[in-house]
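*Asks:* There's a structure below that I have some questions on.
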Amino acid sequence: MATLSCPLPRPATDRILLAHGGGGRLTNQLIESVFLPAFSNAALESRHDGAVLSADGARLAMTTDTYVVDPLVFPGGTIGDLAVNGTVNDLAMCGARPFALSAGFLLEEGLSMETLRTIVAAMREAARVAKVPIVTGDTKVVDKGKGDGLFLNTTGIGVVVAPHPVGPESVRPGDAVLVSGDLGAHGIAILSVRGGLEFEGEVKSDTAPVWPAVEALLETGIDVHCLRDLTRGGLSSALNEIATVARLRITVEEALIPVSDVVRGACELLGLDPFYVANEGRFVAFVPESDAGRALEILRSHTVSAGAVRAGTVYENPSGIVTLRSRVGGNRVLDMLSGEQLPRIC
Amino acid sequence: MCLAVPGKIVTIVQEEHLGLRRGKVDFGGIRKEVCLDYTPEARVGDYVLVHVGFALTVVDEQEAQRVFEALRQLDQLDELSENGT
Amino acid sequence: MKFLDEYRDYGAVQQMAQAIRRCTTRPWTLMEVCGGQTHTIVKTGLQDLLPEEITLVHGPGCPVCVTPLEMIDRAVAIAQRSEVMLCSFGDMLRVPGSTQSLFDVKSLGADVRIVYSPLDALQLARSNPQREVVFFAVGFETTAPANAMAVWEAARENIPNFSMLVSHVLVPPAMEAILSSPDCRVQAFLAAGHVCMVMGFEEYFPICRKYRVPIVVTGFEPLDLLEGVQMAVAQLESGRADVENQYARAVRRSGNRPAQERIAEVFEVTRRAWRGIGEIPSSGLRLREAYRRFDAEARFAVEIGHVEESSECIAGLVLQGLRKPYECPAFGTRCTPDTPLGAPMVSSEGACAAYFHFGRRKEDGNPLVSSATAGH
């Protein structure tokens, strides 16, 4: 059964809800209340996309992600593309060059071999484009009815090339907030083929590896303070997570943030806010004000970030809120989502 | 209940079965099939307001301009009074 | 997008805001009836553009918020039946019932589907003849033509496994209920533009005359709302009380006749309970006798336990515009979107959720709490 998105958050939960996987408030609660206390260590405490580790003097980054998407194949990509690019991007967000990936396949009995081949071919191509080998893997099969077709885990290792720590703790008041391109393509691409909500239109997922753009920033000596890729929960979730950890206020301008016409049309039709829709090939970068102009030039010279813009600024304010100046000049808080965004008619 | 979105009618089909009018409506590049039964006067190229898959009115393009005309006039009045002081 | 972007133009909006400032000499309290209008106001920070003297209170135009608790419980109970596929608009999924919401039971395995249109639910009934497809038909008059058509088609095609759980509500009776309350502070209404698109605005003339309140039929974009405010304030400042139509590009005085005819064929007016407000006579719709076989309430006899609202929730006062959400002792603390005590905190149009998400949280030291909202 196609599930649309994540459901009701509840006060004291005695069981896992779909919402716990939504990437918003409940996911964070789960991490804070179950996983962090159990596994506590410095790398984990930094609450960043990946862990930066020191191994005999070498600085490495490591990240893992499990991909669950329905449908497995969608306009612009497959679960395979997401799995490769997503992990490559998480490494990039640590300022690390992707070095190697592993791939773990949890296959549902009955999955079509042709679908599997399509996904694997997509992974090969994505890995080739990202210049990262898939060096090891694992396969398990579960009974029919328990696997949603395919669950895919990729774990990545990278070599940290950023000279200083890249993460929310490095963000400073006055920093410029850059967004690498237009919002919402992935989420809308998925919805366009979901039963009950489908529509026609040329919307393709924006899944892509962002390392080349990040590498260019680092190579030219831009003092990158923080990077975060925009995935579930969209731009809003990424900014909120950073603002909360950094204990600073982030303000963005709606008029500056690009959304393609088709994504806009779909969002209007379904009553969705593009700031909360998922992306798979977009990231935010926090750089000092003085580096902002140069950083934008560099980003715009790479395909994956050709649409980069300056979206906002960081301010001193320990509340850790994210505010938005609307297109018409009013202000509001861009809050963290509870659960995931649902289409509405009212 | 509120969310009605303006879109342009691209095609119109009169169904055999129950005689219903359906059409493809374009919303900024997204196309969706919409029931046009409640807007029998709507033609291809018209803009309609669509709520939960139903066109409920044809947008009156002349009326749509009215507020901008009024604002233009206000603007001119402003300029006049500024120049006057 | 044409007919949207122009009404979100920065220059035009600023100009209209200035026009309002120029004609406002005294404090006025206006109510925008429709939840979609509330959504725009809060999402665009429109209150920031209004002079301090203008207070906007948010009305009960959120059908999600006013759907009776008992109806949510009924939907939840029906959804839990193994043969049922319950289809609903996304808005309804998270609204808390007495103990559970539709999402709760969905995550426990109930077959609950989100659809864009009631016709999608009907299609699911056609393609799943072995399942009982129930559509949760919640809404104001705007949605009634769509729901009427779905039932009408089901009847013509004789689709046996389709039914509708109807909780339709009507706007003019709600406005009257608000106006007749002794605590009513509302001096003018911005009427719900899309409801009037269907029903026209004839019904507002008697209300306007009886209570001497300006009623301006208003659209949903920032420019529409500001123009609506401007027209209402102009009336108030000159002591007039008329029905005016700001949203003339979409609304005609007589409304949409074919839609009204289909509604009248399928539905009839009945009394309805409004969550947080109580029963309002002749304020709802139910299926006519000729279509009663499609009524899910009749088709599925379900056990509803004792129906009880949280004692802390002041939704009724908020919905009538008598309190702002942040004036509720539980707002943002015991009552949040994650832990809602009542419907207005869950629905994206609910005043409480809108305030929570879009930022009038006084205790945050929120720099955005403008003087227009503080102290009201």
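Read-outs: derived from the displayed coordinates by stated rules, not from any lab. Treat the numbers as computed from the prediction; the structure is a model and nothing was measured. Cβ atoms come from the backbone with ideal geometry, glycine included; neighbour counts cover every protein chain shown.
*Asks:* Could you give the C-alpha radius of gyration of chain C expressed as a fraction of 2.2 N^0.38 Å, taking N as the number of residues it contains?
*Replies:* The value comes to 0.99.
*Asks:* Let me have the 222 nm mean residue ellipticity of the protein assembly as shown computed from DSSP H runs of 4+ only, each contributing -39500 (n - 2.57), with the sum over all residues rounded to the nearest 500.
*Replies:* -9000 deg cm²/dmol
*Asks:* Sticking with this structure for a sec: Strictly greater than 20 Å: what percent of every Cα pair in the stretch B:5-84 meets that?
*Replies:* For the stretch B:5-84, the share of Cα pairs beyond 20 Å comes to 45 percent.
*Asks:* Say we join alpha carbon atoms closer than 10 Å with springs in a Gaussian network model of chain A; which of A:Val314, A:Val259, A:Val135 then has the biggest fluctuation?
*Replies:* So, out of A:Val314, A:Val259, A:Val135, the one fluctuating most is A:Val135.
*Asks:* Using the 10 angstrom Cβ neighbour count as an exposure proxy, how do A:Glu219, C:Glu265, A:Glu268, C:Glu141 rank, fewest first?
*Replies:* If I rank by nearby Cβ atoms, fewest first, I get A:Glu219, C:Glu265, A:Glu268, C:Glu141.
*Asks:* Let me ask another. Cut-off 10 angstrom, C-alpha nodes, Gaussian network model of chain C. Which of C:Val112, C:Val302, C:Val13 fluctuates the most?
*Replies:* Answer for the Gaussian network model of chain C: C:Val302.
*Asks:* Between C:Ala264 and C:Asn158, how high is the FRET efficiency from 1/(1 + (r/R0)^6) when r is the Cβ-Cβ distance and R₀ = 25 Å? Nearest 0.05. All intermediate terms of the calculation are to be shown ahead of the outcome.
*Replies:* Working: r = 22 Å, r/R0 = 0.89.
My answer for the efficiency is 0.65.
*Asks:* Also: Could you order peptides A:168-176, B:34-42, C:147-155 by the average number of other Cβ atoms within 10 Å of their residues, highest first?
*Replies:* C:147-155, B:34-42, A:168-176
*Asks:* Between A:Tyr315 and residues 5 or more places away or on another chain, which pairs have amide H atoms under 5 Å apart, with H built 1.01 Å from N, and which residues are they?
*Replies:* It is A:Gly174, A:Arg249, A:Ile250, A:Thr251, by chain and number.
*Asks:* What distance in nm separates the simple spin-label points at A:Ala255 and C:Arg293, each placed 7 Å from Cα in the Cβ direction?
*Replies:* 5.9 nm
*Asks:* Shape of chain A from its Cα gyration tensor (a ≥ b ≥ c, root eigenvalues): rounded if a/c is under 1.5, otherwise prolate when a/b > b/c, or oblate?
*Replies:* rounded
*Asks:* Determine which lysines satisfy two conditions relative to B:Lys32: a Cα distance under 22 Å, and not lying fewer than 8 residues away in the same chain.
*Replies:* Cross-link targets: A:Lys204, B:Lys8, B:Lys24, C:Lys2.
*Asks:* If you don't mind, another one. Please give the average number of partner chain Cβ atoms lying within 10 Å of the Cβ of each residue in C:115-123, rounded to a whole number.
*Replies:* Shielding by partners across C:115-123 averages 6.
*Asks:* Assign one of three labels to the stretch A:168-333, namely rounded, prolate or oblate, based on the Cα gyration tensor with a ≥ b ≥ c the square roots of its eigenvalues; rounded applies when a/c is under 1.5, prolate when it is not and a/b is larger than b/c, and oblate otherwise.
*Replies:* In terms of gyration-tensor shape, oblate.
*Asks:* For the stretch C:1-46, what does the alpha-carbon gyration tensor say about shape, rounded, prolate or oblate, given a ≥ b ≥ c as the root eigenvalues, a/c under 1.5 as rounded, and a/b over b/c as prolate?
*Replies:* oblate
*Asks:* Work out how far the C-alpha atoms of the protein assembly as shown reach from end to end along every principal axis, then list the three figures in whole Å, largest first.
*Replies:* Answer, in whole Å and largest first: 84, 77, 54 Å.
*Asks:* Another one. Within a 10 angstrom radius of each residue's Cβ in C:29-39, how many Cβ atoms of other chains show up on average? Whole number is fine.
*Replies:* Numbers: counts 0, 0, 0, 0, 1, 3, 5, 8, 1, 2, 6.
Mean inter-chain Cβ contacts per residue within 10 Å come to 2.
*Asks:* Something else: Within 10 Å of each residue's Cβ, count the other Cβ atoms and sort C:Arg74, A:Arg327, C:Arg292 from fewest upward.
*Replies:* C:Arg292, A:Arg327, C:Arg74
*Asks:* Taking neighbour counts of Cβ atoms within 10 Å as a proxy for exposure, in what order, fewest first, do A:Leu197, C:Leu30, A:Leu239 appear?
*Replies:* Least to most surrounded, the residues fall as A:Leu197, C:Leu30, A:Leu239.
*Asks:* Can you give the average number of partner chain beta-carbon atoms within 10 Å of each beta-carbon in peptide A:261-273, as a whole number? The partial results should precede the final answer.
*Replies:* Details: counts 5, 5, 3, 7, 11, 5, 4, 9, 11, 7, 11, 1, 4.
The per-residue average across the peptide is 6.
*Asks:* Continuing with the same structure: For the Cα atoms of chain B, what angle does the longest principal axis make with the long axis of helix B:61-84, in degrees from 0 to 90, nearest 10?
*Replies:* 10 degrees
*Asks:* Rounded to the nearest 5, what % of the DSSP beta bridges within the protein assembly as shown are antiparallel ones?
*Replies:* Roughly 60 percent of the beta bridges in the protein assembly as shown run antiparallel, per DSSP.
*Asks:* Taking a quarter of the surface of the Cα convex hull of the stretch A:52-160, what do you get in nm²?
*Replies:* Here the figure is 6.9 nm², rounded to one decimal.
*Asks:* When chain C is modelled as a GNM with alpha-carbon springs shorter than 10 Å, which of C:Glu297, C:Glu221, C:Glu53 fluctuates the most?
*Replies:* Ranking C:Glu297, C:Glu221, C:Glu53 by mean-square fluctuation puts C:Glu53 first.
*Asks:* Now a separate question. If the cut-off is a Cα-Cα distance under 20 Å, which aspartates and glutamates reach A:Lys131, setting aside same-chain residues fewer than 8 apart in sequence?
*Replies:* Output for A:Lys131: A:Asp65, A:Asp81, A:Asp90, A:Asp206, A:Glu215, A:Glu219, A:Asp229, A:Glu280.
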